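Novice: Input: one structure, supplied below.
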Amino acid sequence: MKHFLNINEMSTEDLTGILKHAQKMKTDRLDLPKGTYDEGQPLSQHIVALVFEKPSTRTRTSFDVGVRQLGGQPMLLSGTEMHLGKGETISDTARVLSRYVDLIMLRTFESQTLYEMAKHSTVPVINGLTNESHPCQIMADIMTFEEKRGSIKGKKVVWFGDSNNVFNSFLQAAEKFNFSLIFSGPKELDPPKNLIKNAKNLKIDFKIDRDPISAIKDADLVATDTWVSMHDNPEEKQNRHNQLKAFQVNEELMSKANHEALFMHCLPAHRNEEATSGVLDGKNSVIFDEAENRLHVQKAIMRWCLSK
Ligand code: CP
Ligand code: NVA
């Protein structure tokens, strides 16, 4: 079974194959109306369940549109309207869904739920974000970097803020794609010790630099994300703001990066909190290209999952 659960479980060969395929599918349908089928309708007669336990704009619409372009049929399901984990085990839901659909995309809270679904499903499962990771986002980000700047290998990526799910997937990607990754944030929001140890064991070029100015020097890619994620306690907001305000990506900080550096944010953004509007809409920003590339890369991921 070819599940797409986390970047660290994939081979570099499969990951680069997916990126190449995504780029080709993107180029092949340039300027066509968005509802045009891709040639051969490779998902024809396939039904894809898109299950959301958390809100979503990009993941929801890009998977839905992607399935349609591939000639398949998307089925949007809200976790709150299902028996998912409440009144029915995840393993039973996995076995039932597998009888109806050909592929499952799940956005959930605990990664344990995702792994339970994958373990008991007889069709492939794709991770559409958990509290711990967001691999589809990072695949879109690498695709975006490489289409604008060439190979990400050996480049310097700097992450400002909280060591959240998106950061974790960047860390896993640093090993697979061989780029260096700097985390710049307050000690209280450092990556967990086991992740730092694991990065060391895997010889990932990873460092923590709490001085935003030295962290951003020579950066090729600067990334940040909301200071309070969907799974965080909203009451933490004020505290987080106090801890993170020194790590805001603003025009002054961005001007210290390599002048060709790209700025990324997975969105949704909280303008003038983690990044200023000047940066989000500035000349280095590629935030809407990242969002678009979610569509292309997820189509390639779905096709990889369903390939022999
Ligand atoms: N970046 C991302 O996954 O956005 P959504 O939460 O809107 O899906
Ligand atoms: N870290 C964010 C990403 C949203 C796409 C969250 O989990 O809320």
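Novice: Just check the chain against the gyration tensor rule for me: Cα atoms, a ≥ b ≥ c as the square roots of the eigenvalues, rounded for a/c under 1.5, and otherwise prolate or oblate depending on whether a/b exceeds b/c.
Specialist: Prolate is the answer for the chain, as a/c is 1.5 or above and a/b outweighs b/c.
Novice: Quick one: Cα centre-to-centre distance for the range 188-208 and the range 30-84, in angstrom?
Specialist: If we compute the Cα centre of each part, the gap is 35 Å.
Novice: To continue, here is another question. Loop only per DSSP, at most 16 neighbouring Cβ atoms within 10 Å: give me the trypsin sites (Lys or Arg not before Pro) in the range 79-124, ordered by residue number.
Specialist: K86
Novice: For the range 63-194, what's the relative contact order in percent, using C-alpha pairs closer than 8 Å and at least 6 residues apart?
Specialist: 16 percent
Novice: For the range 29-41, take each phi angle, set θ = phi - 60°, evaluate the Karplus expression 6.51 cos²θ - 1.76 cosθ + 1.60, and give the result in whole Hz per residue in order, putting x for glycine and proline.
Specialist: My calculation for the range 29-41 gives 10, 3, 6, 7, x, 5, x, 5, 6, 6, 4, x, 6 Hz in order.
Novice: Let me ask another. Need the C-alpha centroid separation for the range 269-287 versus the range 211-228, integer Å.
Specialist: Between the Cα centres of the range 269-287 and the range 211-228 lies a distance of 13 Å.
Novice: Between T12 and T61, what is 0.36 nm times their sequence separation minus the Cα-Cα distance? Round to one decimal in nm.
Specialist: Roughly 14.9 nm would be gained on extension.
Novice: Percent antiparallel among DSSP beta bridges with both residues in the range 143-233, to the nearest 5?
Specialist: The answer is about 0 percent antiparallel.
Novice: For the range 68-75, in order, what is each residue's ³J(HN,Hα) by Karplus, 6.51 cos²θ - 1.76 cosθ + 1.60 with θ = phi - 60°, in whole Hz (x at glycine and Pro)?
Specialist: Ordered by residue, 3J(HN,Hα) equals 5, 4, 7, x, x, 10, x, 10 Hz.
Novice: A further question on this structure: May I ask for log10 I(q)/I(0) of the range 239-278 at q = 0.24 Å⁻¹, from a Debye sum over the Cα atoms as equal point scatterers with solvent left out?
Specialist: So the normalised log intensities are -0.88.
Novice: Sort the range 183-308 into rounded, prolate or oblate with this rule: let a ≥ b ≥ c be the square roots of the eigenvalues of the Cα gyration tensor; rounded if a/c is under 1.5, and if a/c is not under 1.5, prolate when a/b is larger than b/c, oblate otherwise.
Specialist: Judged from the Cα gyration tensor, the range 183-308 comes out rounded (a/c under 1.5).
Novice: Pairs of alpha-carbon atoms within less than 8 angstrom and 6+ residues apart define the contacts here; what relative contact order does the chain have, in percent?
Specialist: 20 percent
Novice: Additional query: Quick one: Karplus J couplings for the range 241-258, per residue in order, coefficients 6.51, -1.76, 1.60, θ = phi - 60°, nearest Hz, x for Gly and Pro?
Specialist: Whole-Hz 3J(HN,Hα) from phi for the range 241-258: 4, 5, 5, 9, 4, 6, 10, 5, 8, 10, 4, 5, 5, 4, 5, 8, 7, 3.
Novice: Sticking with this one: Please tell me which of these pairs span more than 19 angstrom C-alpha to C-alpha: K34/K299; K20/K176; K176/K200; K187/K237; K24/K155?
Specialist: The pairs that break the limit, which is 19 Å between Cα atoms, are K24/K155.
Novice: Follow-up question, since we're still on this one. By how many nm would the segment from M75 to E39 lengthen if fully extended, with 0.36 nm per residue of separation less the alpha-carbon distance?
Specialist: 10.8 nm
Novice: Return the FRET efficiency for the residue pair M1, S151: r is the Cβ-Cβ distance, R0 is 35 Å, and the value is rounded to the nearest 0.05.
Specialist: 0.70
Novice: If you take the beta carbon distance between L32 and D92 as r and set R0 to 25 Å, what does 1/(1 + (r/R0)^6) give as a FRET efficiency, to the nearest 0.05?
Specialist: 0.05
Novice: Quick check on the range 34-149: take the gyration tensor over C-alpha atoms, sort the square-rooted eigenvalues as a ≥ b ≥ c, and tell me if it's rounded (a/c under 1.5), prolate or oblate.
Specialist: It comes out oblate by the Cα gyration axes.
Novice: Using a simple charge model, +1 on the beta-carbon of Lys and Arg, -1 on the beta-carbon of Asp and Glu, nothing else, what dipole does the chain show about its Cα centre, in debye to the nearest 20?
Specialist: Its charge dipole is roughly 560 debye.
Novice: Just flag the trypsin sites (Lys or Arg not before Pro) in the range 1-64 sitting in loop per DSSP whose Cβ has no more than 10 other Cβ atoms within 10 Å.
Specialist: K34
Novice: While we're looking at this one, here's another question. Stretch S277-A246 to full length: gain in nm at 0.36 nm per residue minus the Cα-Cα span?
Specialist: Working it through step by step, the gained length comes to 9.5 nm.
Novice: Would you please give the residues with an amide H less than 5 Å from that of Q73, counting only those at least 5 places away or on a separate chain, with H modeled from the backbone geometry?
Specialist: H46, I47, V48
Novice: Would you work out which of M1, F160, Y115 lies farthest towards the positive end of the dipole of the chain, given +1 charges on the beta-carbon of Lys and Arg and -1 on that of Asp and Glu, about the Cα centre?
Specialist: Farthest along the dipole direction, towards plus: M1.
Novice: What residues have an amide H closer than 5 Å to that of E274, excluding those fewer than 5 places away on the same chain, when H is modeled at 1.01 Å from N in the peptide plane?
Specialist: Amide H to amide H, under 5 Å and 5 or more residues apart or across chains, E274 pairs with W227.
Novice: Which FRET efficiency value, to the nearest 0.05, is calculated for N178 and K217 with the Förster distance at 25 angstrom and r the Cβ-Cβ distance?
Specialist: 0.75
Novice: Given G150, S62, S11, which one lies farthest toward the positive end of the charge dipole of the chain, if we put +1 on the Cβ of every Lys and Arg and -1 on the Cβ of every Asp and Glu?
Specialist: S11
The numbers here are math on the coordinates, done by the rules we state, and not lab data. Owing to the predicted nature of the structure, the values given are computational and were not obtained by experimental measurement. Here the Cβ is made from the backbone with ideal geometry for all residues, glycine too, and neighbour counts use every protein chain on show.
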